[in-house]
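Quick notes on the structure that follows.
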2 protein chains.
Amino acid sequence: MSHAVRFELIKRCAQSGARLGVLHTPHGDIPTPIYMPVGTQATVKAMTSREMHEIGTHILLSNTYHLHLRPGEKLVEKAGGLHKFMDWNKPILTDSGGFQVFSLADMRKITEDGVTFRSHLDGSSLFMSPESNVDIQQALGADIAMVLDVCSAYPCSEEDAREAMHRTHRWALRAKRAHMRPDQSLFGIVQGAFSKKLRIESVKTLSDMDFAGLGIGGLSVGEPKDIMYDILDAIQHHLPEDKPRYLMGVGTADCLLEGVLRGIDMFDCVLATRVARNGTALTRTGRLVVRNAQYAEDFAPIEEGCDCYACTHHTRAYIRHLIKANEITGARLVTIHNLRFLLRLMEEVRDAILHDRLLDYRREFYQQFDPSAAFNRGPEV
Amino acid sequence: MSHAVRFELIKRCAQSGARLGVLHTPHGDIPTPIYMPVGTQATVKAMTSREMHEIGTHILLSNTYHLHLRPGEKLVEKAGGLHKFMDWNKPILTDSGGFQVFSLADMRKITEDGVTFRSHLDGSSLFMSPESNVDIQQALGADIAMVLDVCSAYPCSEEDAREAMHRTHRWALRAKRAHMRPDQSLFGIVQGAFSKKLRIESVKTLSDMDFAGLGIGGLSVGEPKDIMYDILDAIQHHLPEDKPRYLMGVGTADCLLEGVLRGIDMFDCVLATRVARNGTALTRTGRLVVRNAQYAEDFAPIEEGCDCYACTHHTRAYIRHLIKANEITGARLVTIHNLRFLLRLMEEVRDAILHDRLLDYRREFYQQFDPSAAFNRGPEV
């Protein structure tokens, strides 16, 4: 069938095999590979839409679980949909909230029908099925919706992983049947925890369902990075060439780069915005904890050569002062830097693929990067 | 003597007598009457310098007490002064911190020498004299510094008010003698609490000292607005014509307008930014509590006709959602509106003076304004 969102593979990097593409959506074209900043509650924390444009954002992510609880999809629909509600006229992807139900809800019960959970806001009991989840996402009106999936923990038994995966597949089919909105595309979500065999089975099953794209879920839930890379290595040649591949909840510089090298087209993560509000900046070397005393009299920018507003206008000493004084402006400046850092990294990655030099780029990247200063991936909650 | 900051009276409104002027400063000219947004800790809360430019700010206020405690004037001096530290190349005024010592410090002891107080941050004991206060402000390097004054409470006895006033005068002279920085001007501060007689005496005493301008302190500390207006009425014809008059800590729309009608040229107040962070917008009618349930499905802007970013891009429903969800972006949008609201009000006031119609403007203003929805003045702390 034809999809509202369509992937076009421009080329593969001759050096690395990494994919360069374009994702065509109802709200415009997106270059891939791409990092998607996260606006969980219909705003990227501390940022305005105008600023998101300015730092070079092509697509935003928002969250079905959070928006369902507050302000509710009915209000968003009344406002004319999520794009209009938050004044963002470029593409949006809404995650289904499967991961949030898994990680946030005080109590949950998963049956074949769906999931019953307690709201983290008021403790009320709520039920979500694959179908009602699709209904919510259709009301929100993002360009890309995700199926409701069942996440496994790390570690988990093969038995549990298989069960969660099979339910995810059955739910994916139900979601697909329920999905009607013509100007929105639905992505399936690959599960299978840390079993390569299950992951490959999941990829094949979901590929047959002809989703507009595939999310790879259930990774970056606490496992070492190498385990995640192994899974990506195992599945990459089973993934359909003509569909976009979205590695969910992954968002450190090294993981983005390693993901692209393993055929991934899309990423999202709250890490960049979350650590920013605590005064930690993402940098080429891994991180810079701006609030540390060593930067008290440091009049250099967060990162030399960065073109963001924070780095072109303000010093570490000033931003540290703002963070220490609990000034919102401090959180804002580090947020701007962190988002621009990842967006710019992906601009460079796309350029490196275009010029068939992504392995060279990786070598240069690791010359600066200090793994001991790096983050593990921060899951999106 | 010649001052680094010099006031030029352009004209008086033929209808009301209100003053239209220009304040010449080392960092450029400021039109008066003017509202000065408050950047207590070297940032206007939730705003960047760029945004402050964009909403039409001509001069910012910062605070000696707060900056002395954190990050310390030595750091600011090392950074090249407050303008450079916070990336603001227009004029800055630093308040002396007399009011903060009066209202914030856990414990304070005032002697003829100066004031000993406990830091509100770490409880450490600190001493500030009129001379050391000037030293701090010279290190900060604002265009305008204020003398350290002694505030009285409301209500207070004539005896206490006289004593505080006389000490304020003696301290003003000491501050003036200590002040050496040629690219900075020092303003005196009129005290005298709620006694017209004392206030007039204070104006005359300070006028003789030839400060570059006069602050009117110790008002908006809890007294009814009418009492403040009476004091302003009583002193206005005793104030020097050729010096700017700054009504300290006053910042609601009606008080600004009434102040201008009584010859005031400069105002500051944290009210606009403080209430914004709690979801309350300043409007022509007094206030609009955006977080209230009645705006949940209201897709109008905060205020029709407002030219600020929040009003031209976002709805009450969206901003309410952000405020309810504790999103920084919500606080930011209301802050932008509130500051632009007061800055724009003063643009209109200046225009009304220019066209000799400020009484007409006042009549139109009160046709919309609901005093029961208005704020009392919020003192700057």
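The values are calculated or read from the model by the stated rules, or taken from the named source; none is laboratory data. Values in this document were obtained by computation on a predicted structure and should not be read as measured data. Virtual Cβ from ideal backbone geometry, glycine too; neighbours counted across all protein chains shown.
Observations
- Pairing residues of region B:219-238 that are surrounded by 14 or more Cβ atoms within 10 Å (Cβ to Cβ) with residues that are in a loop (DSSP other than H, G, I, E, B) and β-branched (Val, Ile, Thr), at Cβ distances under 8 Å and at least 6 apart in sequence or on separate chains, gives B:Leu219/B:Val250; B:Ser220/B:Val250; B:Met228/B:Val250; B:Leu232/B:Ile264.
- Scan of region B:221-249 for residues that are assigned to a loop (DSSP other than H, G, I, E, B), under 16 Å from the mean Cα position of the chain (by Cα) and modelled with pLDDT of 95 or more, ordered by number: B:Pro244, B:Met248, B:Gly249
- Residues satisfying the stated conditions in region B:91-117, i.e. surrounded by fewer than 23 Cβ atoms within 10 Å (Cβ to Cβ), among the charged types (D, E, K, R) and touching a strand residue (DSSP E or B) at 6+ places or on another chain (Cβ under 6 Å): B:Asp106, B:Arg108, B:Lys109
- Reported count of residues in region A:206-217, each being in a helix (DSSP H, G or I) and surrounded by fewer than 20 Cβ atoms within 10 Å (Cβ to Cβ), is 2.
- Taking the criterion of being in contact with a helix residue (DSSP H, G or I) (Cβ under 8 Å, 6 or more places away or on another chain) and either in a loop (DSSP other than H, G, I, E, B) or crowded, with 23+ Cβ neighbours inside 10 Å (or both), the residues of region B:138-152 that qualify are B:Leu140, B:Gly141, B:Ala142, B:Ala145, B:Met146, B:Val147, B:Leu148, B:Asp149, B:Val150, B:Cys151, B:Ser152.
- Whichever residue in region B:40-50 is part of a loop (DSSP other than H, G, I, E, B) and more than 15 Å from the chain's Cα centre (by Cα) and, among such residues, is surrounded by the fewest Cβ atoms within 10 Å (Cβ to Cβ): B:Thr48
- Residues that are of a type in the set (Gly, Ala, Ser) and within 7 Å of chain B (Cβ to nearest Cβ) within region A:302-339 comprise A:Ala317, A:Ala325, A:Ala331, listed in sequence order.
- Hey, A:Ala18 more than 28 Å from A:Gln100 (Cβ to Cβ), out of contact with any strand residue (DSSP E or B) (no Cβ under 6 Å at 6 or more places or on another chain) and assigned by TED's automatic domain parsing to the domain that holds A:Met266 or not: yes
- Test for B:Thr315: is it at negative phi, polar (S, T, N, Q) and out of contact with any Ser or Thr (no Cβ under 8 Å at 6 or more places or on another chain): yes
- So B:Met180, is it surrounded by fewer than 18 Cβ atoms within 10 Å (Cβ to Cβ) and closer than 17 Å to B:Val150 by Cβ: no
- Taking the conditions (1) more than 14 Å from chain B (Cβ to nearest Cβ); (2) out of contact with any Lys or Arg (no Cβ under 8 Å at 6 or more places or on another chain); (3) assigned to a loop (DSSP other than H, G, I, E, B) in turn, A:Ala272 satisfies each one other than (3).
- For region A:327-365, the tally of residues that are more than 30 Å from B:His66 (Cβ to Cβ) and assigned to a loop (DSSP other than H, G, I, E, B) stands at 3.
- Selection status of B:Pro37, more than 9 Å from every other protein chain (Cβ to nearest Cβ) and buried (at least 22 other Cβ atoms within 10 Å of the Cβ): yes
- Filter result (charged (D, E, K, R), at pLDDT 95 or above, under 24 Å from A:Ile319 (Cβ atoms) and part of a loop (DSSP other than H, G, I, E, B)) within region B:80-137: B:Asp87, B:Lys90
- When region A:293-312 is filtered for residues that are without any contact (Cβ under 8 Å) to a residue 12 or more places away in the chain and either aliphatic (A, V, I, L, M) or touching a Ser or Thr at 6+ places or on another chain (Cβ under 9 Å) (or both), only A:Ala293 remains.
- Residue among B:Phe117, B:Phe99 that is free of Cβ contacts under 8 Å to residues at least 24 places away in the same chain and in contact with an Asp or Glu (Cβ under 9 Å, 6 or more places away or on another chain): B:Phe117
- Test: residue in region A:324-331 that is surrounded by fewer than 16 Cβ atoms within 10 Å (Cβ to Cβ), closer than 24 Å to A:Val260 by Cβ, free of Cβ contacts under 8 Å to residues at least 12 places away in the same chain and more than 21 Å from the chain's Cα centre (by Cα): no
- Residue in region A:306-313 that is part of a helix (DSSP H, G or I), buried (at least 19 other Cβ atoms within 10 Å of the Cβ), assigned by TED's automatic domain parsing to the domain that holds A:Asp208 and not charged (D, E, K, R) present: no
Conditions (1) hydroxyl-bearing (Ser, Thr, Tyr); (2) part of a strand (DSSP E or B), marked per residue:
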| residue | (1), (2) |
| --- | --- |
| B:Ser2 | yes, no |
| B:Lys11 | no, yes |
| B:Ser16 | yes, no |
| B:His24 | no, yes |
| B:Pro31 | no, yes |
| B:Met52 | no, no |
| B:Leu61 | no, yes |
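- Residue within region B:280-301 that is surrounded by 20 or more Cβ atoms within 10 Å (Cβ to Cβ), more than 14 Å from every other protein chain (Cβ to nearest Cβ), more than 20 Å from the chain's Cα centre (by Cα) and modelled with pLDDT of 95 or more present: yes
- Scanning region B:63-86 for residues that are over 12 Å from A:Ala296 (Cα atoms), touching a residue at least 12 places away in the same chain (Cβ under 8 Å), surrounded by fewer than 20 Cβ atoms within 10 Å (Cβ to Cβ) and charged (D, E, K, R) turns up just one, B:Glu77.
- Note on region B:283-294: residues that are touching a strand residue (DSSP E or B) at 6+ places or on another chain (Cβ under 8 Å) and either on the phi > 0 side of the Ramachandran plot or not in a loop (DSSP other than H, G, I, E, B) (or both) amount to 3.
- With respect to being buried (at least 24 other Cβ atoms within 10 Å of the Cβ) and farther than 30 Å from B:Val275 by Cα, B:Gln191 falls outside the description.
- Options A:Ile10, A:Ile55; residue that is away from chain B (no Cβ under 12 Å) and crowded, with 17+ Cβ neighbours inside 10 Å: A:Ile55
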